[in-house]
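Trainee: Okay, handing you the structure first.
The values are calculated or read from the model by the stated rules, or taken from the named source; none is laboratory data. This structure is a prediction, so every number in the text was calculated from the model and none was measured. Cβ placement follows ideal geometry from the backbone for every residue including glycine, while neighbour counts extend to all protein chains displayed. What goes into the accessible areas is simple: the full protein's heavy atoms, side chains included, and nothing from ligands, DNA or RNA. Shrake-Rupley method; radii C 1.70, N 1.55, O 1.52, S 1.80 Å.
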Amino acid sequence: MSRLKELRKIVNAELDKMEDADKRTSAIAHLYGVSLAATMIAKKRGLDTELASMAAMLHDLHAYKTGSYDDHAHKGAELAREILTELGLTTDAETDMICSAIYHHDDKLVTDSPMDEVLKDADVIHHCMNDLSKSIKEKEQARFDKLCAEFGLESKE
C-alpha cells in the first residue's frame, strides 16, 4: 500500500469521529481537494507530489479534531509529526518538510520554502475555487491572482 493511501486511512478514521455530518463532509472535501491541488502544483513545480499530498491531507486535521482554528497551523504541525512518527512512513527529513508546510500554511502573505508554498497555494486554490460564489479573502487575493497567472486561468472578479 502506498504511503499516501496508508495516511488517508488514518485521516479518514479521524474524520469519521466527527459527529456533525455536514462538517464531516466539508472536512473530507477540503482535505481531499487540497490534496489533489497540492499534487498538481507540486508536479508542475518539480517537487515531490506524494509529500505535498500527504501534507495537504494533514494540514487542517487538528482543527477538525478539536473544532478550533486557534493556532491550528502550529498545533496541526505537532499533530502531523505525532501521526507520521507513529506510522513510520516518512524519513525524519520528509516529516520535517511536511510539518514545516503545515506549520506555515496559514501565513499566506509570507513566502517560505517551496513545499510550504505548495501547501499554501493548494489551500488557496481550494478556498477560492470550491465555491465560486464566495468572495476571495483579502489575504488570499494576491496569491490567487499569481496562481491563476501560473496556470493560465482567468482570475475571479
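Trainee: Here are the criteria: (1) farther than 24 Å from PHE144 by Cβ; (2) within 15 Å of the chain's Cα centre (by Cα); (3) touching a residue at least 60 places away in the same chain (Cβ under 8 Å). Tell me which single one THR90 does not satisfy.
Mentor: Condition not satisfied by THR90: (2).
Trainee: With the checklist (1) free of Cβ contacts under 8 Å to residues at least 60 places away in the same chain; (2) not in a helix (DSSP H, G or I) in hand, flag the one item LEU47 doesn't pass.
Mentor: The single condition LEU47 does not satisfy is (1).
Trainee: Kindly provide the set of residues from the range 112-157 that are charged (D, E, K, R) and part of a helix (DSSP H, G or I), ordered by number.
Mentor: Of everything in the range 112-157, those that are charged (D, E, K, R) and part of a helix (DSSP H, G or I) turn out to be ASP116, GLU117, LYS120, ASP121, ASP123, GLU138, LYS139, GLU140, ARG143, ASP145, LYS146, GLU150.
Trainee: Keeping to the range 92-105, report how many residues are surrounded by 14 or more Cβ atoms within 10 Å (Cβ to Cβ) and either of a type in the set (Gly, Ala, Ser) or in contact with a Pro (Cβ under 8 Å, 6 or more places away or on another chain) (or both).
Mentor: 2
Trainee: Continuing with the same structure: Would you point out which residue out of LEU109, LEU61 is out of contact with any Ser or Thr (no Cβ under 6 Å at 6 or more places or on another chain), among the hydrophobic types (A, V, I, L, M, F, W, C), in contact (Cβ under 8 Å) with a residue 24 or more places away in the chain and more than 28 Å from GLU19 (Cβ to Cβ)?
Mentor: Numbers: LEU61 fails: more than 28 Å from GLU19 (Cβ to Cβ).
It is LEU109.
Trainee: Could I ask something else about it? Which of the residues spanning the range 54-91 are surrounded by 13 or more Cβ atoms within 10 Å (Cβ to Cβ) and part of a loop (DSSP other than H, G, I, E, B)?
Mentor: Within the range 54-91, HIS59, ASP60, TYR69, LEU89, THR90 qualify.
Yes or no, residue by residue, for (1) out of contact with any Asp or Glu (no Cβ under 7 Å at 6 or more places or on another chain); (2) open to solvent by 70 Å² or more (accessible area, probe 1.4 Å); (3) of a type outside the set (Phe, Trp, Tyr); (4) under 13 Å from MET115 (Cβ atoms):
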{"site": "LEU7", "(1), (2), (3), (4)": "yes, no, yes, no"}
{"site": "ALA13", "(1), (2), (3), (4)": "yes, no, yes, no"}
{"site": "ARG24", "(1), (2), (3), (4)": "yes, no, yes, no"}
{"site": "LEU31", "(1), (2), (3), (4)": "no, no, yes, no"}
{"site": "ARG45", "(1), (2), (3), (4)": "yes, yes, yes, yes"}
{"site": "LEU51", "(1), (2), (3), (4)": "no, no, yes, yes"}
